[in-house]
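Visitor: Take a look at the following structure, please.
We did not get these values from a lab; they are worked out from the coordinates using the rules stated. Since the structure is predicted, the reported quantities are computational estimates derived from the model, not experimental observations. We place every Cβ from the backbone using ideal geometry, glycine too, and count neighbours over all the protein chains shown.
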Amino acid sequence: MQSSLNLNQKRIGLWGKIQAFWTLIKSKQTYLLVLTGWAGFASAACPFTNWQTSLAVVGSLFLAVAGSTVLNMIFDRDIDAKMNRTANRPLPTGIVSLTEAIVFGVTISVLGIGWAFWLNPLYGLIVMGGLFIDVWVYTVLLKRRTPYSIVLGGISGGMPILAGRTLGLGSIDLIGVLLALVILLWIPTHIMTFSMKYADDYKAAGIPTFPSVYGEHTTRVILAWSTALAGLVMVLVAHLLGMAGHYLFALITFSLALATMAGASVAKPSPKLNFSLFKAASAYMMGAMLLIALAV
């Protein structure tokens, strides 16, 4: 086994190695979380007149979020090897060695947190708290033990937007907390649809999920309520921020559309609708964040 891992490392060239490290950060997931952080900052301070700080938010969050993702990959390398969906990732295949991944993950995590503290101590504390919850509490302590680990995962997912809002405002406020709550409520739409699509993989790895513990129907009901509440809180935040006109109308329309899809998945469940809801959830969050950033 070890010899095959070493052989994989020798066969890959420099560009392949760079691509492997890029795979470790799960770029799409990282981009989405960084976008929420930037939107949080933009909700409190103009991201264009404050362009230097705005870029610093993007840079520091990118490093911290990417770092936490790499560290998660390190701790999950054994279960990744058991799932068809993840078996070809850089660590299970040996394209990236454990030592390389640790050095990479720790380095960019420290750089991201250090940059965050340099910008503002409170901002840095929130960013560091998000990384700690995501890596240690969610991945190490809970992921393999309980399906409720996604609640803690949701809290860590809400830290970037809370951090961005806090940096722009100079303090934590109700709107920042509500924005983080939106992410927490949105997480089930993203995670539970995914865990239903890849139920066999999670079973093979021994990871408890809501569908495997409580059944798909109960999971879909929870998902539908969570999606509806996420939309309601998002619209409330938009109102508190003073969003109006076409921007508010678009946000309400998007929220209703996603909630309708989630409700339909309860009434007439199907794999196709489930996957469409998974895709729509990410598109909704991207659209909502852009509306908050550009319309306030």
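Visitor: Given the chain reduced to its alpha-carbon atoms as identical point scatterers, what log10 I(q)/I(0) does the Debye formula return at q = 0.09, 0.12, 0.13 Å⁻¹?
Guide: Listed by q, the Debye log ratios stand at -0.45, -0.80, -0.93.
Visitor: Please state, rounded to one decimal and in Å, the Kirkwood hydrodynamic radius that region 173-296 gives when every pair of distinct Cα atoms enters the mean of 1/r.
Guide: So the Kirkwood estimate lands at 14.9 Å.
Visitor: Springs between alpha-carbon atoms under 10 Å, Gaussian network over the chain: tell me which of LEU184, LEU240, LEU142 tops the mean-square fluctuations.
Guide: Of LEU184, LEU240, LEU142, the most mobile in the Gaussian network model is LEU240.
Visitor: For region 14-173, what number results from the quotient of the Cα radius of gyration and 2.2 N^0.38 Å?
Guide: Expressed relative to 2.2 N^0.38 Å, the Cα Rg reads 1.05.
Visitor: Top mean-square fluctuation among LEU14, LEU63, LEU241, Gaussian network model of the chain, C-alpha springs under 10 Å?
Guide: Per the Cα network of the chain with a 10 Å cutoff, LEU14 tops the list.
Visitor: Further, regarding this structure: How many angstrom separate the Cα center of region 174-247 from the Cα center of region 97-151?
Guide: What the calculation gives is 21 Å, centre to centre.
Visitor: Also, I was wondering about something else. Hey, what do the phi angles of region 261-271 turn into as Karplus ³J(HN,Hα) couplings, whole Hz, using 6.51/-1.76/1.60 and θ = phi - 60°, x for Gly and Pro?
Guide: Running phi through 6.51 cos²θ - 1.76 cosθ + 1.60 with θ = phi - 60° gives 4, 5, x, 5, 5, 7, 6, 9, x, 7, x Hz.
Visitor: Another one. Excluding PRO92 itself, calculate the net charge of residues whose Cβ lies under 15 Å from the Cβ of PRO92, where each Lys or Arg counts +1 and each Asp or Glu counts -1.
Guide: 0
Visitor: Starting from the exponent 0.38 and prefactor 2.2 Å, build the expected Rg for region 131-220 from its residue count and divide its actual Cα Rg by it.
Guide: Rounded to two decimals, the normalised Rg is 1.22.
Visitor: Can you tell me, using C-alpha contacts under 8 Å and at least 6 residues apart, the relative contact order of region 1-171 as a whole percent?
Guide: Numbers: 238 pairs, mean separation 54.9, N = 171.
It rounds to 32 percent for region 1-171.
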